[in-house]
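Enquirer: Before we start, here is the structure in question, set down as C-alpha cells.
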Amino acid sequence: MTEAIQTKPKRANSQRAFAGATPVMPGGVNSPVRAYQAVGGEPIVIASGSGCCVTDVDGNEYIDYVGAYGPLILGHAPQAITVALTKAIARGTAFGMPTEAETALARLIVDAVPSIDVVRMVNSGTESTMSAIRLARAATGRANIIKCTGCYHGHADSLLVQAGSGATTLGTPSSPGVPDAVTQHTLLVPFNDVDAAQAALEQPGDVAAMLLEPVAGNMGTIPPNEGYLDALRDLCDKHGALLIFDEVMTGFRVAYGGAQELFGVTPDLTCLGKVMGGGLPCAAYGGREDLMRQISPDGPVYQAGTLSGNPLAMVAGRATLDALREPGVYTSLAQHSKTLAQGLGAAAVQAGVPARCTTVNSMVCCFFTSGPVQNYNDAIQCDTNAFATFFHAMLDQGVVLPPSQFETWFVSTEHDNLMIERTLHAAKKAFRTVAQKQR
Ligand code: KE4
C-alpha cells in the first residue's frame, strides 16, 4: 500500500467502464448496494484485490472495508483459497451429483455451529432465509413470521418488509411488487425490544418463528442489548415458536461458531452465508435434526438448487474455515476492529462531529448521530449527508467504505496495525472535512 492518496485520484477509466455498464444493467450494477445513489457520484470500478486492498481500473489503490459485504474475512485472493481453487477447477466446475467436497464443508459447519446438527447448502443468503422460514412454517403448522425493522434477510417477498441494507439506503424498505397477501404474515418489531417481541408472540398462537440478525448488520452495526437474545429464546420456547438466527453476516465472522457461540444463545435454525463460501456464491441453513429431516428428500418440505453445494464454493469455504481455526485469528480481528472503532470515535470528537462508533469483533460502524443507536428508528436519525461527505473524503484518500450509512464495515485478517493506522489518519482529515461542511 503506497502512502495515502493526497490529491483527488483520477477516475476516467472507472467513469468510462461504468458508462458501459449502465445501458445494459439496472443502475449499472448487479446489486443496488454497489451504486452510489446514497453518497452521490459514480462507483469506482475494481480491477483486482490483494490482501486488504483493492485497485480500481485507473490504478488507484484503496484500503477496503467493503470486503464484498462480508465474505472476505481473509482479505482478497488469500493463497489458501487460490491454491485450493486452482486444484479444484481442473477437476471440473459442477456435477449435479454428490461430491465429497460438500460433505467435508457440511461436517465443518456441523462441528462449528452449536445449533446445527444437519445442514443444507444453498447459493445465497436470500435462499437460506427463505428456506428456513418455509421449514419453520411447515414444522409448526403456523403462518406468521416475526422480523425486526431494519434487519435485512435478503430479498424474498415475505421478508422484504421494512428491510435494512440497500432497501433502507434507497428508501424502499418495503418494495413494490410484493402483494399484501404475501406480507400479511410478516409481523414487525423493533430490534432490541423484548416487550414488543413478547406482545407479537402473545397474539393468537400463530407465530411460526422469530427471525433476526443476532447482531444487526444491515442498519449499520448494532449489538444486541444484554439479555435480549436470551429473552427471545425463552419467549419462543414459551409460545411454541422457533427462534431463527440469520447469521449470514455474523456466521464465522464474530466468532468461529457465530453470534450464537459469542452470546451463548442457541437458536432452533441458523442461516449462514458470506464467510462460509470464501467469496464464492455459497450459503446454507441448518439446525436441529428433527427439523432438518423434514427437508426434501428426507421429508416433505421442498427446496432445491442446481448449483447448491457447488464444488468450487465448497473448496473455497473449507479453505476459509481451515484458516479461521488457526490460533489467535479472532483475537486479532477483534483487537484491530476495536482499535479502529475507538480511533474513529476519538477522531470524530476531535473534529467536533457527532458520531457513535460500534464494533462487534470484525464488524464496525460509524453512525453520524449524537444519540444512542439501539434500533432502526435510532439509525435513521443519522445525518446521511455527513456520512456521504465522510465517504468521499475517505475514498479520495485511498480508503473505500460501503457507500451507505446503513451498512457494516468489514475488517479482515489482512487489516494489520499499519492499515488501521492509515485508515485513522485518513479519518481525522475526513471528519475535519465533515465539520467544515456542517459549519
Ligand atoms: P444474499 O442473498 O445477498 O447472499 O444474502 C442476503 C442476506 C441475508 N442475511 C443477512 C444478515 C445479510 O446481510 C444478507 C446480505 N447482506 C447484504 C449487505 N448488507 C448483501 C449486499 C448486497 O445486497 O449486495
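Read the figures in this text as sums done on the coordinates, not as results from a lab. Just so it is clear, the model here is predicted, and its values are computed rather than measured. Using ideal geometry, Cβ is built from the backbone for each residue, glycine included, and neighbour counts are taken over all protein chains shown.
Enquirer: R0 = 25 Å: FRET efficiency of Ala47 with Gln438, Cβ-based, nearest 0.05?
Expert: Calculated value: 0.10.
Enquirer: Cβ neighbours within 10 Å, averaged per peptide: list 174-182, 58-66, 284-292 in order, most packed at the top.
Expert: The densest-packed peptide leads the list: 284-292, 58-66, 174-182.
Enquirer: Can you tell me the FRET efficiency between Lys428 and Asn30 if r is taken as the Cβ-Cβ distance and R0 is 51 Å, rounded to the nearest 0.05?
Expert: 0.90
Enquirer: Additional query: Can you work out the FRET efficiency for the pair Gln198 and Thr172, with r the C-beta to C-beta distance and R0 = 25 Å, to the nearest 0.05?
Expert: E(calc), rounded to 0.05, equals 0.25.
Enquirer: What distance in nm separates the simple spin-label points at Ala68 and Asp230, each placed 7 Å from Cα in the Cβ direction?
Expert: Going by the 7 Å Cα→Cβ label model, 3.7 nm.
Enquirer: Determine by what factor the alpha-carbon radius of gyration of segment 137-205 differs from 2.2 N^0.38 Å, reporting the quotient.
Expert: For segment 137-205, the normalised Cα radius of gyration comes out at 1.13.
Enquirer: Check which residues have an amide H placed less than 5 Å from Ala209's amide H, if you skip close sequence neighbours.
Expert: Ile146, Leu242
Enquirer: Go through 407-416, 12-21 and give me the packing order, highest mean Cβ count within 10 Å leading.
Expert: Per-residue mean Cβ counts within 10 Å order the peptides as 407-416, 12-21.
Enquirer: Right, here's the next one. State, as an integer percentage, the relative contact order of the chain based on alpha-carbon contacts under 8 Å between residues 6 or more apart.
Expert: 22
Enquirer: Summing +1 for each Lys or Arg and -1 for each Asp or Glu, what net charge is found among the other residues whose Cβ lies under 14 Å from the Cβ of Ala388?
Expert: -3
Enquirer: Between Arg325 and Asn417, what length in nm is gained on full extension when 0.36 nm per residue of separation is reduced by their alpha carbon distance?
Expert: Between Arg325 and Asn417, full extension yields 31.0 nm more.
Enquirer: A further question follows. Between Gln381 and Thr93, what is the label-point separation in nm under the 7 Å Cα-to-beta-carbon projection?
Expert: Modelled inter-label distance: 5.0 nm.
Enquirer: Once every DSSP H run of n ≥ 4 in the chain is given -39500 (n - 2.57) and the sum is divided by its residues, what mean residue ellipticity at 222 nm do you get, rounded to the nearest 500 deg cm²/dmol?
Expert: -11500 deg cm²/dmol
Enquirer: Shifting gears a bit: So, by mean Cβ neighbours within 10 angstrom, what's the order for 316-328, 29-41 with the highest one leading?
Expert: 316-328, 29-41
Enquirer: What relative contact order, as a whole-number percentage, does segment 79-324 give when Cα pairs under 8 Å and 6 or more residues apart are counted?
Expert: After rounding, I find 30 percent.
Enquirer: Suppose we keep just the DSSP beta bridges with both residues in the chain; what percent of those would be antiparallel, to 5?
Expert: That works out to approximately 55 percent antiparallel.
Enquirer: Which part of segment 276-292 falls in the paramagnetic zone of Leu307, meaning amide N under 20 Å from the point 7 Å along Cα-to-beta-carbon?
Expert: The answer is 276-285, whose backbone nitrogens lie closer than 20 Å to the label point.
Enquirer: Just subtract the alpha-carbon distance of Val110 and His185 from 0.36 nm times their residue separation and send over the number in nm, one decimal.
Expert: Length gained between Val110 and His185: 23.9 nm.
Enquirer: Right, something else. If Lys and Arg each add +1 and Asp and Glu each add -1, what is the summed charge of the other residues whose beta carbon sits under 14 Å from the beta carbon of Ala38?
Expert: -2
Enquirer: Now for a separate question. State the extension gain, in nm to one decimal, for the chain segment bounded by Ala21 and Thr82, taking 0.36 nm per residue of separation less the distance between their alpha-carbons.
Expert: Taking 0.36 nm per residue and subtracting the Cα distance, the gain is 19.2 nm.
Enquirer: Under 27 Å between alpha carbons, and skipping anything fewer than 8 positions from Lys338 in its own chain: which lysines qualify?
Expert: Straight-line reach from Lys338, under 27 Å: Lys274, Lys428, Lys429.
Enquirer: Tally Lys and Arg at +1 and Asp and Glu at -1 over the other residues with C-beta under 11 Å from the C-beta of Pro402: what net charge comes out?
Expert: The answer is -1.
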